[in-house]
1. If you fit an axis through the alpha-carbon atoms of helix B:333-346 and take the longest principal axis of the Cα set of chain B, what angle between them do you get, 0 to 90°, nearest 10?
2. From the helices alone, meaning DSSP H stretches of at least four residues, give me the mean residue ellipticity at 222 nm for chain B, per-run term -39500 (n - 2.57), in deg cm²/dmol to the nearest 500.
3. Could you calculate the contour length gain from residue A:49 to residue A:294, that is, 0.36 nm times the residue separation minus the distance between their Cα atoms, to one decimal place in nm?
4. Relative to the first principal axis of the alpha-carbon coordinates of chain B, what is the inclination of helix B:308-318, with its axis defined by its Cα atoms, in degrees from 0 to 90 and to the nearest 10?
5. Just tell me which lysines come within less than 16 Å, Cα to Cα, of residue B:37; anything on the same chain fewer than 8 places away is out.
6. Expected output is a single nm value to one decimal: the length gained when fully extending between residue A:337 and residue A:280, i.e. 0.36 nm times separation in residues minus the C-alpha distance. What is it?
7. Want the number for residue B:115 to residue B:215: 0.36 nm per residue separation, take away the alpha-carbon distance, what's left?
8. So, in Å, what gap is there between the alpha-carbon centers of region B:262-327 and region A:317-349?
Amino acid sequence: MMLHEHTIIELRTGLKNGEFTAEELTLHYLERIEGKARELNAFITVTPDIAMDQARQSDKDRGKGVAGKLSGIPIAYKDIFCTDGVRTSAGSLMLDKFIAPYSATVVEKLGEAGAVMLGKTNMDEFAMGSSNENSHYGHVLNPWDKERVPGGSSGGSAAAVAAGLCAAATGTDTGGSIRQPASFCGVTGIKPTYGRISRWGIIAYASSLDQAGPITRTAEDAALMLEVMAGHDAKDSTSIAAEVPDYSRTLGDSIKGLRIGLCREYFEDGLNSTTEKIIMEAVAVLESLGAVISQISLPSTRHAIPAYYVIAPAECSANLSRYDGVRFGYRCENPNDWEDLYKRSRSEALGNEVKQRILVGTFALSAGYYDAYYRKAQQVRRLIKNDFLEAFKEVDILLSPTAPIPAFRIGEKSGDQIAMYLQDIYTIASNLAGLPAISIPAGMNGHLPTGLQLIGNYLDEAGLLNVAHQFQLQTNWHQLSPPAADS
Amino acid sequence: MTIPDIKKENGWEAVIGLEIHVQLLTNTKIFSGASTKFGADPNTQACPIDLGMPGVLPVVNEEVYPKAIAFGLGVGADIATYSVFDRKNYFYPDLPKGYQITQMDYPIVLGGHVDIVLESGETKTINITRAHLEEDAGKSLHEDFQGMTGIDLNRAGTPLLEIVSEPDMTSAAEAVAYAKHIHQLVTYLGVSDGEMSQGSLRCDANVSIRRTGDRDLGTRTETKNVNSFRFLERAINYEIDRQVAILEDGGRVIQETRLYDPDKDETRPMRSKETATDYRYFPEPDLLPVRINEAYIQSVRKNMPELPVEKRIRFENEYDLSGADATVLTSSANLADYFEQVVKSGGDSRLAANWVRVELLGKLNKEGMELGDAPVSAEQLGSIVTRIRDNTISGKIAKTVFDGLWAGQASTADDFIESHGLEQVSGTDELEPIVSAIIAANPDQAEQYRSGKTKLLGFFVGQVMKETQSKANPQQVNELVKKILDS
């Protein structure tokens with residue numbers, strides 16, 4: 001087994017037992033990133049000097065017996081996490097030269113735990129997209145099929161983990177941006193409860209929906225990453241003050257008697273038949289472990305996409321106003337006056353998807369339209385949340401496909417916005433409700449991986465990770481490697 | 001100005017409402033830890049949050065709540081147990097995020113009123129609609145850079161309480177009386193330093209004109225950012241005059257935002273857009289709703305200092321002062337404290353009132369100084385009052401002592417009196433030879449007095465005072481002169 005095929009848990013053991021050093025491990029990943037895998041375009045920025053320094057420091061710490069939980073584990077950050085002194089572009093020309101003088105709380109926490117930063121991964125511009133085709137730095141290829149997209153917006157992170165370019169990566173999920181690429185790339189990705197992980201230093205797309213999470217090879221690794229990433233942060237008023245449980249400790253719990261609900265509305269029109277078959281086989285596996293399966297209904301969930309595409313653009317229209325060319329970021333040449341500076345800087349440096357969402361959001365908040373769109377969408381959001389709360393009276397965890405179809409071809413949906421937006425049909429509702437959800441590999445649709453989504457009640461990340469881990473103990477879908485990881 | 005009379009003759013009536021922006025007296029900004037100190041070099045007190053950099057988040061400075069609540073209690077308003085921050089969206093170079101965080105639908109203070117005293121002595125109630133918390137913007141500096149605009153973001157994020165009145169005022173004088181009342185209240189409560197020259201209290205005046213007796217309001221204009229009472233009066237009078245002139249010509253007032261130019265003593269329209277501004281308010285997703293419970297409100301109430309009106313009534317009763325004296329002496333908390341200190345060390349409250357009002361304030365006014373800069377402390381002035389009271393010095397000599405202490409020639413009244421030999425000559429033994437000598441030296445006048453021209457008593461007293469360099473007790477001299485001449 002090659003080093004990069006190991007899980008974090010295995011790498012930790014290897015480092016602890018002296019089978020290899022953090023320096024060797026980091027060098028191995030850096031060589032892979034700069035090797036044949038470059039064609040995947042998974043990284044926007046590679047930071048070899050920082051990585052090697054951190055790896056050597058980790059080896060020293062280990063020698064002194066002060067190694068942290070993730071000491072020497074090489075990881076990558078989605079390029080939406082601010083990293084002190086290293087460019088953070090959010091996949092946009094607007095921030096092509098932006099270097100933050102601070103790091104995201106997540107970056108600080110992972111750094112303190114000893115994780116090694118390999119670089120910053122590619123993404124849809126400002127996290128807006130489901131295919132990673134909206135990046136200023138070019139699209140990312142799916143390691144399973146280079147003709148296909150890796151999903152988005154955390155496409156670079158999912159592709160990098162799948163292709164063995166890092167042991168884990170961070171992502172953000174506003175409407176499915178961790179789970180859908182995890183599904184497309186055959187890796188594990190969890191979006192925790194809204195507020196479980198600090199948003200400080202993460203470039204905002206839609207503040208009431210954005211939530212960070214890890215993308216890993218296994219649920220066990222996700223538990224470990226989440227233990228480090230989660231927690232209250234005084235710098236984020238929306239972060240939750242609850243204690244962070246020891247997720248790893250509860251992974252062995254039996255799921256006998258656990259009530260799992262299949263959301264009826266998530267098995268209707270538009271679901272690929274092979275995907276459906278894969279999901280039902282996975283359900284059978286969980287049933288064999290003693291889980292009690294039932295059907296539940298989320299009647300308001302069909303309004304999730306329209307509600308999302310009002311709320312998220314509304315928030316983004318304000319969040320992205322700061323990109324005006326005045327204090328940082330892209331500035332047009334020779335502006336005539338400040339209005340010209342704003343108009344041209346924004347016109348020249350923002351991509352079409354971003355512009356469209358800003359326009360939609362601005363419209364939805366306008367006088368005379370606010371009640372019909374924004375207020376209505378917030379009402380729908382409450383109904384969706386209530387649906388979930390009702391469902392959780394009947395069952396412990398909800399189960400669905402992560403995405404209706406497997407990874408599609410590059411360019412295949414770029415002309416059809418509705419088809420693109422429907423990618424998030426199963427993932428968006430949990431963002432609107434703020435619930436935790438995880439995607440794990442559940443089978444292969446031909447040569448393409450297919451993910452299973454589990455949605456939990458508030459702060460039940462432990463429950464999700466436990467079910468995911470129990471499933472992964474019974475299956476080997478998460479152990480399959482894409483062709484791009486062989487080289 | 002005689003505008004109000006002209007207006008009345010022609011049957012016009014002005015309707016005025018004020019929006020007063022008060023900078024709260026906090027150490028740091030409302031959403032960041034940067035200092036709010038006035039006068040620093042440009043952009044030295046602006047942190048990444050104030051600069052609106054990518055990924056940063058606001059956190060409310062808890063210092064602002066007791067200040068807003070104290071104001072609300074001071075005007076008899078309701079304190080909202082639930083209030084919400086909103087984003088107010090507009091583009092301007094000194095607004096870093098492209099939105100201002102303010103409170104729209106759920107302000108922290110609701111209702112309330114103040115009673116202002118008109119020149120006629122009557123009181124009038126001005127109702128307050130609401131007061132809400134928000135952040136200040138930065139400053140655009142157009143003068144200092146050839147063909148360019150400088151941006152100073154030191155002020156960006158300074159906490160503001162915006163106090164909105166009902167349109168209850170009908171003249172500039174009323175508006176100024178109201179603004180002064182608010183100024184007095186916020187400085188008393190320590191809500192603001194009230195330094196208007198530094199922008200700590202700024203007024204927006206909404207002015208409209210209608211036919212006397214009409215119930216419908218005329219079209220209003222808003223004159224923004226007036227930062228002195230004098231300018232407020234002039235701006236409103238200008239606006240009344242201008243609007244009356246337009247209406248008398250059969251024209252229509254345009255609803256617009258105007259600026260007052262003190263150099264030209266006129267208001268001018270601000271460069272306006274062809275369309276009305278739509279601020280697209282929506283709830284700030286980065287901040288949680290503010291919940292304030294009754295116990296917290298009570299704790300603020302308990303710690304509130306005496307209000308100006310309470311203090312004025314107490315001064316009238318406790319110190320036996322006239323209404324006019326009490327009003328002047330309670331015009332600011334500092335002056336009231338000073339007066340009480342003078343009484344404490346000087347003993348005689350009416351004498352103290354007279355000395356503070358006439359001598360101290362007269363001198364400060366003449367020198368163009370603030371009370372805080374007065375070189376004579378309340379204790380020193382108290383020591384002068386003590387010596388007047390026990391007849392050590394006359395009122396006239398006391399002025400010399402006051403001037404001496406003002407000039408720093410001694411540290412106490414007693415030192416100055418002693419070193420300058422100013423102690424009142426009051427013993428009959430000492431005075432009698434002097435009086436006798438004066439009478440002997442002026443036989444003609446003595447003769448005339450004795451023959452009935454008793455007005456000459458004043459001449460002899462004057463001569464004695466001159467001889468004693470005013471140190472003689474005038475009452476005693478009077479009696480002695482009479483006694484000797486009549487004998």
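Please treat every number below as a calculation from the coordinates, not as lab data. What you see is a predicted model, and the numbers here were worked out from it, not measured in a lab. Here the Cβ is made from the backbone with ideal geometry for all residues, glycine too, and neighbour counts use every protein chain on show.
1. Roughly 20 degrees between the two axes.
2. Helices in chain B give a 222 nm mean residue ellipticity of -11500 deg cm²/dmol.
3. Result: 83.0 nm gained on full extension.
4. The helix B:308-318 is inclined about 20 degrees to chain B.
5. By straight Cα distance, residue B:37 reaches B:29, B:139.
6. Between residue A:337 and residue A:280, full extension yields 14.5 nm more.
7. That works out to 33.7 nm of additional length.
8. Cα centroid to Cα centroid, the span is 37 Å.
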